[in-house]
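What follows is a short report on a single structure.
The numbers here are math on the coordinates, done by the rules we state, and not lab data. What you see is a predicted model, and the numbers here were worked out from it, not measured in a lab. We place every Cβ from the backbone using ideal geometry, glycine too, and count neighbours over all the protein chains shown.
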Amino acid sequence: MTAIDTSVTPPVVTLNDGVRIPQLGFGVWQVPDDQAQPAVETALRDGYRNIDTARIYGNEVGVGRAIAGSGIARDELFVTTKLWNDDQGYDSTLKAFDASLERLGLDYLDLYLIHWQQVDRGAYLDTFRAFQKLQADGRVRSIGVSNFTQPTLTTLIDTLGQVPSINQIEVHPYFQQRALHAFDVEHGIVTEAWSPLGSGAVLGDPAIGAIAAELGVSPAQVILRWDIQKGFVTIPKSVTPERIAQNFDIFGFELSEEQIARIDGLDRADGRTGPNPDTF
Ligand code: A2P
């Protein structure tokens, strides 16, 4: 069972390596570099301390500038970036890590993720071996994966004897990934939800709208609250200051069991909005 400290706002999740991550973070997928800096500055002012980027987003520089200018102590921040597909492999991973850290202007990272499993490339094990070295050297506190499926996770765990701390996958009410989430829980892997709002697709759902009206909150707040109560770490993206603030303001209300059950019922076989890890 994953430990979640709810005495703080946002709650903090303890990963299987003892590292603590705020359960609500800020994602910057599809945010151009020049917009990333003001967006992250706004998020940090609003209280977000968990920032999620990736090399492929092309905005590590903007994210780093916002962090540097914030005046927030480094150890109060939790910064994640991800290794891109063509950097997979042992030596190339070590190089890519240095380059990401330099762009971010940081001297260590909180969490490094393999962005996609890329099974056909055959390099995810060597990539994770390089992650283990980076962790042993104290350059990254926690190491995990993104968009990994159950068979690939099983091979990684059985071969390397280390369980990734996080599996960051597409999760939202239309695509709940119950089997993979259950596998993660069983193995002590925290599931982190990317595109928690379904890239906006779930916001107009009538059932979500009805619950939002019942509680006097917005549809985005209902969905993010569902993430929190389900135990996901969640990283909504927005470049709109009002929405950035609104998405952080989800700790003054709770969904009832019955409201959660209604959202659970929205899962769809065709709910995926992003690529399938088996073919991407
Ligand atoms: P924008 O960035 O223009 O504010 P996801 O995190 O699932 O990828 O969803 C991101 C999308 O949802 C973006 O298009 C973002 O728009 C939009 N979005 C984020 N927060 C809210 C909100 N509170 N209300 C409405 N739309 C939102």
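Looking only at residues in region 152-172 that are within 14 Å of the chain's Cα centre (by Cα) and away from the ligand (no atom under 16 Å from the Cβ), which one is nearest to residue 23 (Cα to Cα)?
166
Residues being touching a residue at least 60 places away in the same chain (Cβ under 8 Å) and either assigned to a loop (DSSP other than H, G, I, E, B) or more than 9 Å from the ligand (Cβ to nearest atom) (or both): count how many of those fall in region 228-240.
Going through region 228-240 one residue at a time, the tally reaches 8.
When region 241-260 is examined, which residues are found to be within 8 Å of the ligand (Cβ to nearest atom) and surrounded by 17 or more Cβ atoms within 10 Å (Cβ to Cβ)?
The answer is 244, 246, 247.
Could you list, in sequence order, the residues of region 151-186 that are touching a strand residue (DSSP E or B) at 6+ places or on another chain (Cβ under 8 Å), over 14 Å from residue 117 (Cα atoms) and assigned to a helix (DSSP H, G or I)?
180, 181, 184, 185
Filter region 132-189 down to residues that are touching a residue at least 24 places away in the same chain (Cβ under 8 Å), among the polar types (S, T, N, Q) and more than 24 Å from residue 98 (Cα to Cα), then give me how many there are.
Number satisfying all stated conditions: 6.
Could you check residue 263 against (1) away from the ligand (no atom under 11 Å from the Cβ); (2) of a type in the set (A, V, I, L, M); (3) touching an Asp or Glu at 6+ places or on another chain (Cβ under 7 Å); (4) not in a loop (DSSP other than H, G, I, E, B) and say which number it fails?
Evaluating residue 263 over (1) away from the ligand (no atom under 11 Å from the Cβ); (2) of a type in the set (A, V, I, L, M); (3) touching an Asp or Glu at 6+ places or on another chain (Cβ under 7 Å); (4) not in a loop (DSSP other than H, G, I, E, B) leaves (3) as the failure.
For residue 201, indicate whether it is near the ligand (Cβ under 10 Å from one of its atoms), surrounded by fewer than 19 Cβ atoms within 10 Å (Cβ to Cβ) and farther than 21 Å from residue 39 by Cα.
yes
For region 34-48, give me the residue count where each residue is touching a strand residue (DSSP E or B) at 6+ places or on another chain (Cβ under 8 Å) and of a type in the set (D, E, K, R).
Residues that pass the stated criteria total 0.
Take region 198-222 and flag every residue that is free of Cβ contacts under 8 Å to residues at least 40 places away in the same chain, outside any helix (DSSP H, G or I) and under 30 Å from residue 116 (Cβ atoms).
203, 204
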